[in-house]
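The values are calculated or read from the model by the stated rules, or taken from the named source; none is laboratory data. All figures in this text were calculated on a predicted structure; none of them were measured in a lab. All Cβ positions, even for glycine, are placed from backbone atoms using ideal geometry, and neighbour counts span all protein chains on display.
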Amino acid sequence: MLDYSSLFALAAVVREGSFERAARALHVTPSAVSQRIRLLEERVGCALVVRGQPCLPTETGRRLCQHVDRVHLLEHELQQALPAVAAQGPSRVALPVAVNADSLATWFAPALSRFAASAPVLMGVAVDDEGHTAEWLRNGSVLAAVTASEHPPAGCNSRPLGAMRYVAAASPALMASHFSAGVNIESLAVAPSLVFNPKDELQTRWVFRGWQTSVELPRHTLPSTTAFVTASLAGMGWGLHPQSLIATHLAEGTLVELVPGTPLDVPLHWQQARAVSTLLEALTREVVVAAGQALIPC
């Protein structure tokens with residue numbers, strides 16, 4: 001049997017990023033946190049935390065943190081059924097999720113906010129490329145994720161949400177300076193593009209679908225959905241934008257489609273751990289409703 005005070009100390013270190021902040025959250029001394037982690041590592045026979053700024057869990061540490069998250073959900077269910085065992089005073093459950101930045105900037109944040117405004121939770125939102133958010137669920141870092149992956153990790157469920165429609169767009173000035181002779185492989189190889197991070201392949205996918213060939217795109221890295229729009233308006237580069245986010249700019253002509261009528265639809269899925277939890281179920285309902293209103297059926 002594992003010592004849960006040590007498990008909670010591990011989860012606090014990973015959540016807070018340091019032993020000192022974990023100690024403040026648990027109302028104990030940093031040395032007490034360090035001792036609990038050391039005893040737990042001796043018990044399981046391996047390192048659980050990589051000391052640094054911030055502290056990060058090892059693979060085994062992540063699995064134990066996921067276990068702690070599920071324990072908290074189970075405790076919440078028990079307290080709902082048996083109020084006599086509830087802790088004194090308000091109690092909130094940590095609920096970590098992962099989502100792609102474009103969903104967070106458009107339809108996901110309102111759904112999350114509605115849920116968290118009335119639920120006894122503390123949300124932890126990790127942002128990653130939609131092709132990689134499922135890995136956060138797979139390694140135990142989160143309990144649910146918006147992902148482009150159709151197949152869920154072991155122990156998880158998956159349901160389709162719909163497709164996010166992206167449009168390749170640029171400012172009229174950039175169109176005039178780089179695409180005056182047309183949008184083709186030659187002009188795309190010269191015109192600056194925008195990517196969210198090195199994992200972002202939307203622009204490359206759009207080009208390959210249109211011309212059936214790959215090209216090395218000059219690119220600025222800009223890890224912000226709203227900054228993508230700002231940069232495109234200023235003529236910094238072209239990029240794939242959520243259509244709903246730039247609809248007004250397209251209507252006003254401040255942004256122009258590179259090739260009209262060539263959107264890229266990215267199917268999204270909601271994947272969650274198979275935990276019996278009214279909180280996860282309530283979050284799922286909000287997510288599904290919001291996605292149904294904002295995404296394209298697919």
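Key figures
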{"read-out": "Residue selected from the stretch 267-293 under the condition in a strand (DSSP E or B) and touching a Leu at 6+ places or on another chain (Cβ under 7 Å), by the criterion nearest to D102 (Cα to Cα)", "value": "L268"}
{"read-out": "Subset of the stretch 49-62 (residues that are assigned to a helix (DSSP H, G or I) and surrounded by 14 or more Cβ atoms within 10 Å (Cβ to Cβ))", "value": "T60, G61, R62"}
{"read-out": "Residue among G140, G131 that is within 16 Å of the chain's Cα centre (by Cα), closer than 25 Å to I246 by Cα and of a type outside the set (A, V, I, L, M)", "value": "G131"}
{"read-out": "Set A154, A176, A81, A86: member being small (G, A, S) and at pLDDT 90 or above", "value": "A176"}
{"read-out": "Criterion violated by A163 - all others in (1) closer than 22 Å to T225 by Cβ; (2) surrounded by fewer than 16 Cβ atoms within 10 Å (Cβ to Cβ) satisfied", "value": "(2)"}
{"read-out": "Residues of the stretch 159-184 satisfying the condition of being assigned to a strand (DSSP E or B) and not aromatic (F, W, Y)", "value": "R159, P160, L161, G162, A163, M164, R165, V167, A168, A169, A170"}
{"read-out": "Top-ranked residue in the stretch 28-48 [being under 22 Å from V93 (Cα atoms) and either small (G, A, S) or under 30 Å from the mean Cα position of the chain (by Cα) (or both); ranked as surrounded by the fewest Cβ atoms within 10 Å (Cβ to Cβ)]", "value": "I37"}
{"read-out": "Residue in the stretch 227-246 that is of a type outside the set (A, V, I, L, M, F, W, C), part of a loop (DSSP other than H, G, I, E, B) and in contact with a Ser or Thr (Cβ under 6 Å, 6 or more places away or on another chain) present", "value": "yes"}
{"read-out": "Residue in the stretch 70-92 that is under 18 Å from the mean Cα position of the chain (by Cα) and not in a helix (DSSP H, G or I) present", "value": "no"}
{"read-out": "Close pairs from the stretch 144-155: first within 15 Å of D129 (Cα to Cα), partner surrounded by fewer than 21 Cβ atoms within 10 Å (Cβ to Cβ), Cβ under 6 Å, at least 6 apart", "value": "A148/G131"}
{"read-out": "Hits in the stretch 99-123 - residues which are within 14 Å of L280 (Cβ to Cβ) and either at pLDDT 95 or above or under 13 Å from the mean Cα position of the chain (by Cα) (or both)", "value": "A111, L112, F115, A116, M123"}
